[in-house]
Amino acid sequence: MVESTFSPEMADQIIDASDLSTGGAYTCVGTYHHDEMVRLVVQLGTRTGIPVPALLHAFGKHLLGRFALMYPKHFAGRTSTFDLLEVLDNKIHVEVRKLYPDAELPVFDHTFTAPDTMAFVYRSKRPFADLASGLIAGCIDHFDERIEVKREDYPCESGSHSRFVLQKMADATVP
């Protein structure tokens, strides 16, 4: 995302400045400590002047697009944001655990408070509620829907605990 949104040079700069144990070399089959991502995002924020929460949100949107391209089977047959989010924990994360058995995945719970309203709770040991918010926004964009999202953050000792209320918006009709 950094290379395409900013520049390859920016990516190199933030990697060099972040003092990473991996040296910034990552593979799709590895697992990495979340502190490395935090360091990279902080460095990017310092260089661009964009607040870290906004960068994490943007990365979440970007990540949803990458997931749709890389894992189309998880999107196959899904017709809406609600449809995808409601299977995230009990279907998609089951598949992720097969590939990465040691992964510490966030927990997602959902309830429907009305046919057009979903309450989606995110809990994680990592401070990535802004990333989750971006994933939700990316999902809404992916399905080209009009959904209002309200977020409530709850206190927790470490990580994130947030509740997102997603309300489908009625389509405006022209008289």
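Restricting to the range 6-36, give me the number of residues that are part of a helix (DSSP H, G or I) and without any contact (Cβ under 8 Å) to a residue 60 or more places away in the chain. Walk me through it before giving the result.
Initially, the range 6-36 is screened for residues part of a helix (DSSP H, G or I), giving 8-17, 34-36.
Right, trim to without any contact (Cβ under 8 Å) to a residue 60 or more places away in the chain and you get 8-17, 35-36.
Residues meeting the conditions: 12.
Consider the range 88-128. How many of its residues are of a type in the set (A, V, I, L, M) and under 20 Å from Gln167 (Cβ atoms)? Lay out the reasoning, then the answer.
Residues of the range 88-128 that are of a type in the set (A, V, I, L, M), as a first pass: 88, 92, 94, 96, 99, 103, 105, 107, 114, 118-119, 121.
Restricting the remaining residues to those that are under 20 Å from Gln167 (Cβ atoms) gives 88, 114, 118-119, 121.
Final tally of qualifying residues: 5.
Right, Val52: over 19 Å from Ala132 (Cβ atoms), in contact with a helix residue (DSSP H, G or I) (Cβ under 8 Å, 6 or more places away or on another chain) and touching a residue at least 24 places away in the same chain (Cβ under 8 Å) or not?
Considered against the rule, which asks whether it is over 19 Å from Ala132 (Cβ atoms), in contact with a helix residue (DSSP H, G or I) (Cβ under 8 Å, 6 or more places away or on another chain) and touching a residue at least 24 places away in the same chain (Cβ under 8 Å), Val52 comes out as no.
Here are some conditions: (1) farther than 18 Å from Ser133 by Cα; (2) outside any loop (DSSP other than H, G, I, E, B); (3) among the charged types (D, E, K, R). Arg66 meets all but one. Which one does it not meet?
(1)
If you take the residues of the range 2-38 that are within 15 Å of Leu131 (Cβ to Cβ) and charged (D, E, K, R), which of them is surrounded by the most Cβ atoms within 10 Å (Cβ to Cβ)?
From the range 2-38, those within 15 Å of Leu131 (Cβ to Cβ) are 2, 32, 34-38; that's our starting set.
Still in the running and charged (D, E, K, R): 35-36.
On the way: Asp35: 12, Glu36: 17.
Only one residue fits best here, namely Glu36.
Laboratory data are not the source of any read-out in this text; all were calculated from the coordinates shown. Keep in mind it's a predicted model, so treat the numbers as computed, not measured. Every residue, glycine among them, receives a Cβ derived from its backbone with ideal geometry; neighbour counts consider all protein chains shown.
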